[in-house]
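In what follows, a structure is listed as structure tokens, so that the remarks can point back to it.
Just so it is clear, none of the values below were taken in a lab; they were calculated from the coordinates. Predicted model, so just to flag it, every value in this text is computed and none were measured. Glycine gets a Cβ as well: all are built from the backbone with ideal geometry, and neighbour counts include every protein chain shown.
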């Protein structure tokens with residue numbers, strides 16, 4: 001099957017231009033030009049997959065995403081998912097996805113993961129699954145934290161799609177997390193959660209679009225003056241986290 005990745009990237013870029021997105025990428029020099037890497041990002045919008053791939057554009061890499069099986073097996077999307085060698089994830093039995101991701105890393109690929117196992121309605125870091133940390137430690141691959149902020153105003157959980165032009169999007173990639181000599185996956189996951197929280201708050205504070213006086217800013221986190229649900233209120237809607245989820249150490253709210 002031919003690799004349609006370049007065609008998909010061109011189509012996505014055209015779509016971003018049509019929407020007039022003002023995309024700023026910072027820290028993409030941390031993505032290695034060769035060899036394995038795990039790119040782990042927060043998840044606040046349904047456009048995050050398309051945007052996360054921009055982190056590897058400077059390095060001329062293609063990101064192989066771990067994607068929910070129901071999306072991966074969609075009748076119209078399945079051929080593209082297969083061609084781009086993304087990895088389907090069955091949440092009830094994730095071992096197969098982890099093995100496939102390890103194989104991709106062993107082949108020198110960049111693997112993209114959203115460790116929160118769902119979209120955060122509070123726009124803070126939810127408890128995370130340990131897959132990204134496990135992949136990094138097992139394959140001795142750099143673990144790169146990444147904050148994505150801005151596309152939640154276009155399409156996120158509980159909100160209708162908006163095609164309002166000119167939205168600003170901030171992508172912030174941090175340096176690789178230091179490895180752990182003890183190979184403690186849960187602690188490495190907490191390290192990742194803390195760093196993701198720091199990067200996300202930095203992106204939120206530096207974003208050019210801030211809530212105005214008296215504005216009901218549903219798209220901004222409550223602890224920074226927005227009207228998004230608090231993490232506690234969001235959990236009541238999002239439901240229980242999957243078994244094995246690890247709470248991040250970062251807690252500014």
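Just a few scattered comments:
- Hits in the range 100-153 - residues which are outside any loop (DSSP other than H, G, I, E, B) and closer than 12 Å to residue 48 by Cβ: 112, 113, 146, 147, 148, 149, 151, 152
- Residue in the range 204-211 that is at positive phi and part of a loop (DSSP other than H, G, I, E, B) present: no
- Among (1) loosely packed, with under 15 Cβ neighbours inside 10 Å; (2) in contact with a strand residue (DSSP E or B) (Cβ under 9 Å, 6 or more places away or on another chain); (3) on the phi > 0 side of the Ramachandran plot, the one test that residue 158 misses: (2)
- Among residues of the range 161-174, those that are in contact with a strand residue (DSSP E or B) (Cβ under 9 Å, 6 or more places away or on another chain) and over 16 Å from residue 113 (Cα atoms), counted: 5
- Some residue of the range 240-247 being under 28 Å from residue 25 (Cα atoms) and over 19 Å from the mean Cα position of the chain (by Cα): no
- Selection from the range 212-253 of residues that are touching a helix residue (DSSP H, G or I) at 6+ places or on another chain (Cβ under 8 Å), surrounded by 16 or more Cβ atoms within 10 Å (Cβ to Cβ) and more than 21 Å from residue 40 (Cα to Cα): 219, 220, 224, 228, 229
- Residue match in the range 74-85 (condition: over 19 Å from residue 12 (Cα atoms) and in contact with a helix residue (DSSP H, G or I) (Cβ under 8 Å, 6 or more places away or on another chain)): no
- Residues being touching a residue at least 60 places away in the same chain (Cβ under 8 Å) and either under 18 Å from the mean Cα position of the chain (by Cα) or closer than 23 Å to residue 31 by Cα (or both) - total across the range 200-225: 5
- Restricted to helices (runs of 4 or more DSSP H) entirely inside the range 1-89, those with at least 3 residues that are within 25 Å of residue 134 (Cβ to Cβ) and within 19 Å of the chain's Cα centre (by Cα) are 48-52, 69-72.
- Options 119, 111, 89, 71; residue that is closer than 25 Å to residue 150 by Cα and touching a helix residue (DSSP H, G or I) at 6+ places or on another chain (Cβ under 7 Å): 111
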